[in-house]
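The values are calculated or read from the model by the stated rules, or taken from the named source; none is laboratory data. Predicted model, so just to flag it, every value in this text is computed and none were measured. FYI the Cβ positions are ideal-geometry reconstructions off the backbone, even for glycines, and counts take in every protein chain you see. Protein only, heavy atoms only, side chains kept; ligands, DNA and RNA dropped before computing areas. Shrake-Rupley method; radii C 1.70, N 1.55, O 1.52, S 1.80 Å.
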Protein chains: 2
Amino acid sequence: MSDDPVRSADSTPEVMTNKQPGPDAIMQLGLAFWGSKALLSAVELDLFTTLARGPLTGEMLTAKLGLQPRGTTDWLDALVSLGMLKRAGDQYANSPATDLYLDRAKPTYLGGMLEMANARLYSFWGSLTEGLRTGRPQNEAKTGGDFFAALYRDQARLRQFLHAMTGLSMGAAAAIAEKFPWDRYHTVIDIGAAEGCVPAQLTLRHPHLTGGGFDLPAAGPAFEDYVASHGLTSRLRFYPGDFFTDPLPRADVLVMGHILHDWSLEQKLALLRQAHQALPDGGALIVYDAIIDDDRTTNIFGLLMSLNMLIETPAGFDYTAADCRSWMADIGFRDTYAEPLPGPDSMVVGIK
Amino acid sequence: MSDDPVRSADSTPEVMTNKQPGPDAIMQLGLAFWGSKALLSAVELDLFTTLARGPLTGEMLTAKLGLQPRGTTDWLDALVSLGMLKRAGDQYANSPATDLYLDRAKPTYLGGMLEMANARLYSFWGSLTEGLRTGRPQNEAKTGGDFFAALYRDQARLRQFLHAMTGLSMGAAAAIAEKFPWDRYHTVIDIGAAEGCVPAQLTLRHPHLTGGGFDLPAAGPAFEDYVASHGLTSRLRFYPGDFFTDPLPRADVLVMGHILHDWSLEQKLALLRQAHQALPDGGALIVYDAIIDDDRTTNIFGLLMSLNMLIETPAGFDYTAADCRSWMADIGFRDTYAEPLPGPDSMVVGIK
């Protein structure tokens, strides 16, 4: 914008002045799906896994990834501008973060969530307006499908998915290992454990802890393998079951991460009651999610994750720490508190 | 991340340390389409036009916009967190910028571009991977359609589109009115003028200038109306024609904004040659676009706009100022220079 107001004698409201807010933030947000999709296609095309073996020129990448020259240089340079790649001379290389998290060959890979976003969520979010108008999910359920039922029937895909969940839980798991007074407890079980990322992190960090993970029976083999690969088989056990129909296993501490937001208020309360019943007096429930700030104004990711529950579930929604603490108090937890975790996640702790 | 590295005796690469980069920037970019689509649906649902008449509660908005309560509060609060709405008590209101640019009733409305992004580009970008693999457009052309041909056949839709282009050009037009030495010239014609936003801004600001706009004949009525509404009919004339087959009208200064990037290199050079021929000695061509920085590393929007040309055109691409200046020099412009404009745009000037 120029320094002087752009006005003349016959000025109209369409003549811009420097006193008006600019339209840039609106346009950037409205077209933010461009950069998002550039990254999602990069994960789909194995760009970061390919570059993890060493830097390559645009020409070599075009050949290796089976692309056409048209568009490829713009795509690579856009990823440089977005901080996802580095470029030195004519060679492209991964950034430290994309090398760590988006190389399929590394155990730290968390591209699974982005693969799912690319293959499913991007197009389902295209029907957000319909979701707001109907209040109904916009995923496979619209055409009679059931993503999760199909997923749990296919061990290979299920394992990929459960491993993606490990990527998403790692930061929270490491922080919970530090922030919670584990010296006061002996056993911990993760409810909806997937591969067992959380109990593995907790028991690796705190050698006095034992426990396990509770999940649908189909998750068992992935849990057993993951726990064995960390040398924790003697300390962590898999508990098969369905948390709506089976009682939860007993432990000093239960953890529910990225679970509660999938469900309706009634189901959330039922899960919290189940946990309360399974805990001893003095035991603790740790809930973590992309918990929305109490004022519902700053945690962008938490609020959008709740909209994602509209897209993906019949009645799920995310919630504030105040919401969760009042549900816990109503059910009978005698003390509750909330604490932030890395990224958009927070934990709410309830003491029985 | 905790302050201490999270390591234990049997640590594995999966145990996170605080020395590693976090995954947040990757996840935020990969899921940025969530916030983008929340805004695009808001434009589609006339949220900002509705709120321009005064603040409303979530309940009133749910009723007025024909929505279901489920999801709507999360959507509104997500738009608050993204800076697109304000909330005081239980009342939602537009931000100053969304009130100015996304209220359909205001002449400053530029939601037209976002309407097009919502109705067309969001889903076409879903095929970016196919675009990179084939080098071919991913819009209506894939199924034998032609968006622009259909648009130019429908006066009502064409007028909406041309008005959206006015919104997109307004910031650049105001800046070009300030930054260019207009006192040295008497006539200016905008090539691909749409409604005539640029010549209108230039002649409003500089009373000695006359000129007009060149565009396909179907744009004539929108141009004439817009120019008349600014009281400029006696100073600005519409020149109908096709810039690939008809000679360009003569003027001291020609402007080409958001035009050159639509075309192949050969077509770009043909357009620059046409302009060179139509200018007098000492005349100037002003080209503006979301011009990419010469190093191709910082103008995210310019690089992604170039990818958008892959999605939308058979051979278009965006370019750096250095590219454009060298094309101009090759064609015979004796002097060239580049200057930034507001937002992602820059202009390149060639003097004959």
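In this structure the amide hydrogen of B:M347, modeled in the peptide plane, comes within under 5 Å of the amide hydrogens of B:E339, B:L341, none closer than 5 places in sequence on its chain. Rounded to the nearest 20 debye, the dipole magnitude of the stretch B:139-288 is 180 debye, with +1 charges on Lys and Arg beta carbons, -1 on Asp and Glu beta carbons, and the Cα centre as origin.
Taking all protein chains together, A:I259, B:I300 sort by accessible area into B:I300, A:I259, largest first [probe 1.4 Å]. Computed from Cα positions, the angle between helix A:220-229 and the longest principal axis of chain A comes to roughly 90 degrees. Scalar couplings 3J(HN,Hα) for the stretch A:181-189, obtained by applying the Karplus form with A = 6.51, B = -1.76, C = 1.60 to θ = phi - 60°, are x, 5, 4, 8, 10, 10, 10, 9, 10 Hz; x denotes Gly and Pro.
In nanometres and ascending order, the distances from the A:F148 label point to those of the other copies are 4.7 (point 7 Å from Cα along Cα→Cβ). Across all directions, the average projected area of the convex hull around the alpha carbons of the stretch B:75-157 is 7.9 nm². Once both labels are positioned 7 Å from their Cα atoms along Cα-to-Cβ, the gap between B:H208 and B:A25 label points is 5.0 nm. In terms of Cα atoms, the Rg and Dmax of chain A work out to 23.5, 84 Å.
Taken along its three principal axes, the alpha carbon spread of the stretch B:102-205 comes to 50, 33, 25 Å, from the longest extent down to the shortest.
Based on the convex hull around the alpha carbon atoms, the stretch B:177-240 presents an average projected area of 3.7 nm².
For B:G135, inter-copy separations between label points set 7 Å beyond Cα along the Cβ vector come to 5.3 nm, shortest first.
First check a/c for the stretch B:310-352, with a ≥ b ≥ c the square roots of the eigenvalues of its C-alpha gyration tensor; if it is under 1.5, answer rounded, and if not, answer prolate when a/b is larger than b/c or oblate otherwise. It comes out oblate by the Cα gyration axes. For chain B, set up a GNM with springs between Cα atoms under 10 Å and report which of B:G66, B:G111, B:G54 has the largest fluctuation. Checking each option, the largest mean-square fluctuation is seen for B:G66. Ascending distances from the B:A218 label point to its copies in the other chains, with the point 7 Å along the Cα-to-beta-carbon line: 5.1 nm. Using C-alpha pairs under 8 Å with a sequence gap of at least 6, the mean separation divided by the residue count of the stretch A:82-166 gives a relative contact order of 23 percent.
In sequence order, the stretch A:297-303 has phi-based couplings of 10, 10, 7, 3, 5, x, 5 Hz under the Karplus curve 6.51 cos²θ - 1.76 cosθ + 1.60, θ = phi - 60°, and Gly or Pro positions carry x. Legend: residue pairs A:K142/B:K64; A:K106/A:K352; A:K86/B:K352; A:K106/B:K142; A:K352/B:K86, Cα-Cα distance threshold 30 Å; pairs beyond threshold, A:K106/A:K352; A:K86/B:K352; A:K106/B:K142; A:K352/B:K86. Interface size, chains A and B: roughly 9400 Å² of accessible area buried, both sides included, 1.4 Å probe, rounded to the nearest 100. For B:L45, the accessible surface of its heavy atoms amounts to roughly 10 Å² (probe 1.4 Å, protein chains only, rounded to the nearest 10). Here the Karplus curve 6.51 cos²θ - 1.76 cosθ + 1.60, taken at θ = phi - 60°, turns the phi angles of the stretch B:273-289 into couplings of 5, 4, 5, 4, 5, 7, 8, x, 4, x, x, 10, 10, 10, 9, 9, 6 Hz, with x standing for Gly and Pro.
Residues whose amide H lies under 5 Å from that of B:G212, counting only those 5 or more places away or on a different chain, are B:V188, B:I189, B:D190, B:R237; hydrogens are built 1.01 Å from N in the peptide plane. Comparing B:R70, B:R334, B:R104 in a Gaussian network model of chain B (Cα springs below 10 Å), the most mobile by mean-square fluctuation is B:R70.
Within the stretch B:250-352, the proportion of C-alpha pairs whose separation exceeds 23 Å stands at 21%. For the stretch B:145-189 versus the stretch B:280-352, the inter-centroid distance based on Cα atoms is 17 Å. Each of A:T245 and A:Y152 was given a label point 7 Å from its Cα along the Cα-to-Cβ line. The distance between the two points is 0.9 nm.
What the Cβ-Cβ distance of A:Q277 and B:Y337 gives, at R0 = 60 Å and to the nearest 0.05, is a FRET efficiency of 0.20. What percentages make up the Cα-Cα pair-distance distribution of the protein assembly as shown when the bins are 20 Å wide from 0? Spelled out per bin, shortest first, that is 16, 45, 28, 10, 1.
Taken about its Cα centre, chain A carries a charge dipole of about 620 debye when Lys and Arg each add +1 at the Cβ and Asp and Glu each add -1 at the Cβ.
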